[in-house]
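Accompanying notes for the structure given below.
The values are calculated or read from the model by the stated rules, or taken from the named source; none is laboratory data. Everything numeric in this text was worked out from a predicted model, so none of it was measured. Neighbour counts are summed over all protein chains in view; Cβ atoms, including those assigned to glycine, are modelled from backbone coordinates with ideal geometry. Please note that ligands, DNA and RNA were not included when accessible areas were found on the heavy atoms of the full protein model with its side chains. Shrake-Rupley method; radii C 1.70, N 1.55, O 1.52, S 1.80 Å.
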Amino acid sequence: MDKVYIFDTTLRDGEQVPGCQLNTEEKIEIAKALEALGVDIIEAGFPISSPGDYKSVIEISKAVSEPVICGLTRAKEKDIEVAADALRFAKRKRIHTGIGVSDLHVLTKLRSTHDKVLQQGVDAVKYAKKYVEDVEFYAEDAGRADLNYLVRVIEAVIDAGATVINIPDTTGYNLPWIFGEKIKSIMENVKNVHKAIISVHCHNDLGLATANTISGIANGARQAEVTLNGVGERAGNTSLEETVMILKCHKHLGVDTNVNTKLLKPTSELVSSMMRMPVQANKAIVGKNAFAHSSGIHQDGFLKNRDNYEVIKPEDVGVERSDIILTARSGRHALKYRLESIGFKIDDPEKLSRLYDKFLDMADRKKQIEDADLRILMKSEMVKK
Ligand code: KIV
Ligand code: ZN
């Protein structure tokens, strides 16, 4: 199995969510949890952006030792100096520098020319190499950039010493097969590509971040830039838990990660509570309903064989067990199962039918039937007898 490096940017791109800012202590706690989870690289912040970010990168560098600690910069000497300084305590460190490469960014954001931008990228990589061996270059808005120009930029920054090349779909614009083709073209046309790792960094503006990331990996990328719960600016970033579990489920892709998947749910909960950002109930892998079955047909199929309605085991991602939710849509099989789980074994089909009618009556009045309601149901049955 080839390895895909997991580059977690919850504390940098993820933390840009309005209202979700974290203080240094909270960031350290999350960084330690990310280390335990087994991520390979932690992007700890953008040191020049604020004194708080600078301090957090220093403290995270001291607090964790296994993952590489990464600091973001623009392609500017001052940014790189401040990042290098903030990373001074890191056992393993990386500077992540870069510049916009789409025509839009070159012409309307940077108000520059393609040649000047390429040179600025090369100079930034060379400057960062004075401080650290491991330099990642991001080609911002690569998802919308001209492919020939992108290839030229990548070749030049690898020659300048970049060890990782980040291909961001900054605006979440790409379709999965088109993004995959882009990565494939890079792998085939950048002459020195074997000297660097190609990384994918996708945003979720059209809900395609994870699909684009997987497509990038299927076409040769070997680093995925992700966040817990998919948090991030606007519609967010690629979700760590989705990426990791897709690679685990689809072994034919031939790649795996170092992540201890059993820690996914608790780490997701930690991030959600610290960022004060609830996870949507139907979120894949870590949502409250990710392993909850509520319709009669599904419940019956699941109770006969869980594989009928689950592609991953809840225990594999740190969720205790699947749930059978009782509503007016549930069938007899689900009712029998839930009654059994609280100690009432019903073998007589007639008795079960009688209870089921009462249950439906109750479920029509209440939205969801809990264990306490089932006890009331059983009590009324006993009283009647
Ligand atoms: O989305 C993006 O392009 C980024 C870069 C700064 C890496 O976050
Ligand atoms: Zn981003």
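Details
- In the chain, helical runs assigned H by DSSP with n ≥ 4 each contribute -39500 (n - 2.57); averaged across all residues and rounded to the nearest 500, the mean residue ellipticity at 222 nm is -13000 deg cm²/dmol.
- Between ASP371 and HIS250, the FRET efficiency estimated from the beta carbon spacing at R0 = 35 angstrom works out to 0.40.
- Between the helical axis of 114-129 and the longest alpha-carbon principal axis of the chain there is an angle of about 80 degrees.
- Förster radius 41 Å - calculated FRET efficiency between LYS78 and LEU147, Cβ distance, rounded to 0.05: 0.80
- Highest mobility in the GNM of the chain, judged by mean-square fluctuation with C-alpha springs under 10 Å and restricted to ILE183, ILE154, ILE369, is found for ILE369.
- Given LYS62/LYS262; LYS27/LYS129; LYS129/LYS262, the pairs whose alpha carbons are separated by over 29 Å: LYS129/LYS262
- Rounded tilt (10° steps) of 349-365 against the dominant C-alpha axis of the chain: 60 degrees
- Rounded to 5, the percent of DSSP beta bridges in the chain classed as antiparallel: 5 percent
- Averaged over its residues, the chain has an accessible area of 45 Å² per residue, based on protein heavy atoms and a 1.4 Å probe.
- When you filter the trypsin sites (Lys or Arg not before Pro) in the stretch 202-285 for DSSP loop state and at most 16 other Cβ atoms inside 10 Å of their Cβ, you are left with ARG234, ARG276.
- By a 1.4 Å probe calculation restricted to protein chains, CYS249 has an accessible surface near 60 Å², given to the nearest 10.
- In nm, spacing of pseudo-spin labels at LEU107 and VAL311 (7 Å Cα→C-beta vector): 4.1 nm
- Convex hull of the stretch 292-384 built on C-alpha atoms - directionally averaged projected area, nm²: 6.2 nm²
- Taking all protein chains as shown and a probe of 1.4 angstrom, ARG321 keeps an accessible surface of around 140 Å².
- Within the listed set PHE359, PHE46, PHE179, the Gaussian network model of the chain (springs between alpha-carbon atoms below 10 Å) gives the highest mean-square fluctuation for PHE359.
- Measuring only protein heavy atoms, the 1.4 Å probe finds LEU377 accessible over about 10 Å².
- Computed lengthening from ASN189 to SER273, 0.36 nm per intervening residue step minus Cα-Cα distance: 25.8 nm
- Accessible area in the full protein assembly, largest first, 1.4 Å probe, for ILE178, ILE297: ILE297, ILE178
- Estimated translational D of the stretch 2-275 in µm²/s (Stokes, Kirkwood radius over Cα pairs; 4 °C; 1.567 mPa s): 71 µm²/s
- Subset of LYS304/LYS366; LYS3/LYS91; LYS283/LYS358; LYS265/LYS358; LYS78/LYS184; LYS313/LYS379 violating a 29 Å alpha-carbon distance limit: LYS283/LYS358; LYS265/LYS358; LYS78/LYS184; LYS313/LYS379
- Those GluC sites (Glu not before Pro) in the stretch 285-335 that DSSP places in a loop and that have at most 12 other beta carbons within 10 Å: GLU320
- Across the protein chains, with a 1.4 Å probe defining accessible surface, the residues ILE325, ILE346 rank ILE325, ILE346 from largest area downward.
- 5 angstrom amide H check on GLY236, placed H, neighbours 5+ away: ASN204
- Helix 24-37 axis versus longest C-alpha principal axis of the chain: approximately 70°, rounded to the nearest ten.
- Positive end of the dipole of the stretch 292-384 (Cβ unit charges, origin at the Cα centre): among TYR309, SER322, GLN299, the Cα lying farthest that way belongs to GLN299.
- Build a GNM of the chain with springs between Cα atoms under 10 Å apart, and of VAL101, VAL311, VAL271 the one that fluctuates most is VAL311.
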